[in-house]
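What follows draws every value from the coordinates through simple rules; no lab data is involved. Keep in mind that this is a model prediction, so the values were computed, not measured. All Cβ positions, even for glycine, are placed from backbone atoms using ideal geometry, and neighbour counts span all protein chains on display.
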Amino acid sequence: MKIVVGCDHGAVELKAEVLKVLAEFKDIETEDVGTFNSESVDYPDIAEKVCGKITTGEADRGIVLCGTGIGISIAANKIKGIRAALCGDVFSARMSREHNDANVLALGGRVTGIGPAGEIVRTWVTTEFSNGERHIRRIEKMMALENK
C-alpha cells in the first residue's frame, strides 16, 4: 500500500511522527509532499497535492494534517473521489475505515498529541473496510452527492 502524506505549517512536527509510525509497516510505502518547515502555506494546496495522488491512482490512501485538521479535511473532501475523515481518537479511525472506507485520514497538529496520533494512524492503516451491504449502499449514496 502507498500512502501519501502532507501538512501545512501547523503540523510539521506531527507529520514527522506520522511518518515514523508508517515506517513501522514493511508493506507501506510513503511519499511526503510537504510542507517541510514552519513557513506559512495554504492547506488547500496541500490537500490537493495529497488527494491528487489518490485520484490518479499514484497512491492508495493519504494522510493530511493542519493545525486542527478541520480546514484540510474540508478541502480534501471537496475533491471528487475523496472520503476524508478527521479523527481524534482510535474508535473514529477504525469506524472511518470499517464503515466509510475513508481513503484520507486528517489529523490536527495543534490538537492531537504524538502518542494518540500514533495509535490513530496504526489503527487507520490496519483496519479494512467491512464490505457490508449497508455500508456499500451508504458510500454509493455519499459519493453520488458529488454530482448534485
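May I ask you to evaluate 6.51 cos²θ - 1.76 cosθ + 1.60, the Karplus curve with θ = phi - 60°, for each residue of the stretch 103-119 and list the ³J(HN,Hα) values in order in whole Hz, giving x for glycine and proline?
Karplus values, whole Hz, x for Gly and Pro: 9, 9, 9, 10, 9, x, x, 9, 10, 10, x, 4, x, x, 4, x, 5.
Using Cα atoms only, what is the angle between the long axis of helix 43-55 and the major principal axis of the chain, expressed in degrees (0 to 90) to the nearest 10?
The answer is roughly 50 degrees.
Using only DSSP helix segments of four residues or longer, with each worth -39500 (n - 2.57), what per-residue ellipticity at 222 nm results for the chain after dividing by its residue count and rounding to 500?
About -13500 deg cm²/dmol.
If you place +1 on the Cβ of every Lys and Arg, -1 on the Cβ of every Asp and Glu, and leave all else neutral, what size is the dipole of the stretch 2-147 about its Cα centre, to the nearest 20 Debye?
Taking the Cα centre of the stretch 2-147 as origin, the dipole is about 460 debye.
Which of the lysines could be linked to Lys26 by a straight reach, that is with a Cα gap under 29 Å, when you skip same-chain ones fewer than 8 residues away?
Lys2, Lys15, Lys49, Lys53
Give the relative contact order (percent, whole number) for the stretch 2-147; include only Cα pairs under 8 Å separated by 6+ residues.
It rounds to 25 percent for the stretch 2-147.
Can you bin every Cα-Cα distance in the stretch 25-78 into 10 Å intervals starting at zero and give me the percent of pairs per bin, rounded to whole numbers?
That works out to 23, 53, 23, 1, in percent per bin.
Going by amide H atoms built from the backbone, whose H comes under 5 Å of the H on Val5, apart from near neighbours?
Amide H to amide H, under 5 Å and 5 or more residues apart or across chains, Val5 pairs with Glu31, Asp32, Val33, Ile63.
Hey, what do the phi angles of the stretch 126-133 turn into as Karplus ³J(HN,Hα) couplings, whole Hz, using 6.51/-1.76/1.60 and θ = phi - 60°, x for Gly and Pro?
9, 8, 9, 5, 6, 6, x, 4
Once the dipole of the chain is set up with Lys and Arg at +1 and Asp and Glu at -1 on Cβ about the Cα centre, which of Thr112, Ala93, Ile63 lies farthest towards its positive end?
Towards the positive end, the residue furthest out is Ala93.
Between Glu39 and Ser130, what is the label-point separation in nm under the 7 Å Cα-to-beta-carbon projection?
Between Ser130 and Glu39, the simple spin-label model gives 4.6 nm.
Long-range amide H contacts for Ala85: which residues qualify at under 5 Å (H placed 1.01 Å from N, peptide plane, sequence gap of 5 or more or a different chain)?
Close amide H contacts, sequence-distant or interchain: Val104, Leu105, Ala106.
Could you derive backbone 3J(HN,Hα) for the stretch 95-102 from the dihedral phi with the Karplus parameters 6.51, -1.76 and 1.60 (θ = phi - 60°), listing whole Hz in sequence and x where the residue is Gly or Pro?
5, 4, 8, 4, 9, 10, 6, 4
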